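Below: one structure, written as structure tokens.
Each value in this text was obtained by applying a stated rule to the coordinates, not by laboratory testing. Just so it is clear, the structure is predicted and the values come from calculations on it, not from any experiment. Reconstructed Cβ throughout: ideal geometry from the backbone, glycine too, with neighbour counts over all protein chains shown.
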Amino acid sequence: MAINVYIPSPFRRLTANREYVTVEGASVAEVLDALERDYPGFANLVYDRERRVPTHINIYLNNQEIHDLQGTQTTVADGDQLAVIPALAGGADAPGATNGASDSAPSSTALTPDEVMRYSRHIIMPQVGPQGQRKLRNAKVLIIGAGGLGGPVALYLALAGVGTIGLVEFDVVDLSNLQRQVLHQTQDVGRLKIESARDKLLAYNPHINVVEHRLPITSDNAMEIISQYDIVVNGADNFATRYLVNDAAYLAGKTLVDGAILLFDGQATVYKPGHGCYRCLYPDPPPPGLVPSCAEAGVLGAITGIVGSIQATEVFKQILGVGESLVNRLLLIDALTMEFRTMKIRRDPSCPLCGDNPTVTELIDYDMFCGSPPLEVPVEAQALL
Amino acid sequence: MSGQRASTSVAISLNGERRTVAPGTTVADLVPSTWRRGVAVARNGEVVTRGEWSSTAVEPDDKLEIVRPIQGG
């Protein structure tokens, strides 16, 4: 039986850099023996001392993990394809481990060869590995807004295989969005942003699940929406929504990855319940009109990419449990001087939300709190929602 | 001579600009009244919570920074 074998790049030093080799064998074990004969040293890479395939080596026969078949005793036939995939930083799950997740995002099952290939630059990182990649696949992240910040955040989460990405967005794509909002293109002008965003994200990565929340987030629906996710990312474009999302994330016990932009400036931080919140930093909104919006004052398109990428990075760190997050630090970015600074922030015991004697124990009227006019769904969006 | 000067004024920096203020000046005194609502103040790289503004006196060589929130997304 001539079996075509995929050789992973770390093993190619044995095969004179060939990606595929053909060997003879009637079972997986025989194929592995043949590989050792033709490429001495191969057995040391795929077998442990007891001559078993260790958990960090995944072997796929025609895209099926051999654990799910008969292991190394699985018989092979002419023309079969075998792939040897080392999971450098961890092991595969127990064979047959499954749960009730949807087909597009099986949660604790082994990664498929396609996923291993797609995410290989992440999987080879010691901070990610196959286990980290599965954590990304299992993660549910909610992004408020699919515009300047929400766009790049969603894009990088989708590319990395974050399994469930929720988007909250009610607006339509405007021509003036295209200077910075990377998920929307010229032909999308007039479409709902959430549909445009969903299409682009699924085109980038069809393995993910995009959940559409086609409505403005309000005090009436915020808790229900946020409670379905692990992490919330703030890409809102107004103070009222920022206070609403802060309060709802805290009350739901969720980590909030915050970011904001204006002109050449960016701010980013991470609020974890018990470690301070937006109100600890800014107890009151500024008087209406004192801080302009991007529509009023402008924003450099590229700064949305900087801050959005930082937010996406903080999401990855939260999911993977690596590094030092921006919890208790406010990152201030001035793109004109290209200075990045952080200042320490902490929970305020007198904070009305997360302090010792909270007075905000449920969501309030945020338009009144901020003195801003109620958010209105544009007429062109009303017809499409 | 220099000791006398130190007792009559305190040299600080506010948003990168050098300023001298009277001894006993607090963080609250440094924030313009229009900005009392909606800003954060950091002293030497640490945000001073709003409740501590009026009890936090600035000291010589303090670096104070008034940070405005931004809302764009």
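In order along the range B:21-28, phi translates into HN-Hα couplings of 10, 5, x, x, 4, 9, 4, 4 Hz, rounded to whole numbers, per the Karplus curve 6.51 cos²θ - 1.76 cosθ + 1.60 with θ = phi - 60° and x for Gly and Pro. Using only Cα atoms, tell me the angle between helix A:150-159 and the longest principal axis of chain A; keep it within 0 to 90° and round to the nearest 10. Computed tilt is about 10 degrees. Beta bridges from DSSP with both residues in the range A:2-97: antiparallel share about 80 percent, rounded to the nearest 5.
Short-range pairs are left out: with C-alpha atoms under 8 Å and at least six residues apart, the relative contact order of chain A is 12 percent.
What the Cα convex hull of chain A gives, in volume per residue, is 171 Å³. Spherically averaged projected area of the convex hull of Cα atoms, the range A:10-69: 4.4 nm². When exposed loop sites are taken as GluC sites (Glu not before Pro) in a DSSP loop with at most 16 other Cβ atoms within 10 Å, the longest stretch of chain A clear of them is A:51-323.
Mean-square fluctuation check for chain A, GNM, Cα pairs under 10 Å: which of A:Val128, A:Val307, A:Val322 is largest? In the Gaussian network model the winner is A:Val322. Between A:Glu24 and A:Val211, what is the FRET efficiency for a Förster distance of 51 Å, r being their Cβ-Cβ separation, to the nearest 0.05? Approximately 0.55, to the nearest 0.05. Here is the list for the range A:279-354: trypsin sites (Lys or Arg not before Pro) lying in DSSP coil, each with at most 16 other C-beta atoms within 10 angstrom of its C-beta, are A:Arg346.
All C-alpha pair distances within the range A:246-385, sorted into 10 Å bins from zero, spread as 10, 33, 38, 17, 2 percent across the bins. Couplings for the range A:366-376, taken from phi via the Karplus curve 6.51 cos²θ - 1.76 cosθ + 1.60 with θ = phi - 60°, read 7, 5, 5, 4, 9, x, 9, x, x, 5, 10 Hz in order; Gly and Pro are left as x. Computed over the alpha carbons of chain B, Rg followed by Dmax gives 13.2, 53 Å.
Near the amide H of A:Val299, within less than 5 Å, lie the amide hydrogens of A:Leu263, all on another chain or at least 5 residues away, with H placed in the peptide plane.
Pairwise Cα separations in the range A:177-270 fall into 10 Å bins from 0 onward with the following percentages, short to long: 14, 38, 40, 8. Specify the residue with the greatest mean-square fluctuation among A:Gln133, A:Gln73, A:Gln181, computed from a Gaussian network of chain A linking alpha-carbon atoms under 10 Å apart. Comparing A:Gln133, A:Gln73, A:Gln181 in the GNM, the peak value goes to A:Gln73.
Under the convention that each Lys and Arg Cβ holds +1 and each Asp and Glu Cβ holds -1, the size of the dipole of the protein assembly as shown around its Cα centre is about 1180 debye.
Helix A:301-320 and the long axis of chain A differ in direction by around 60°, with both axes built from C-alpha atoms. Near A:Gln311, once Lys and Arg are set to +1 and Asp and Glu to -1 for all other residues with Cβ below 13 Å from its Cβ, the sum equals -1.
Rounded to the nearest 10 degrees, the inclination of helix A:239-251 to the longest alpha-carbon principal axis of chain A is 60 degrees.
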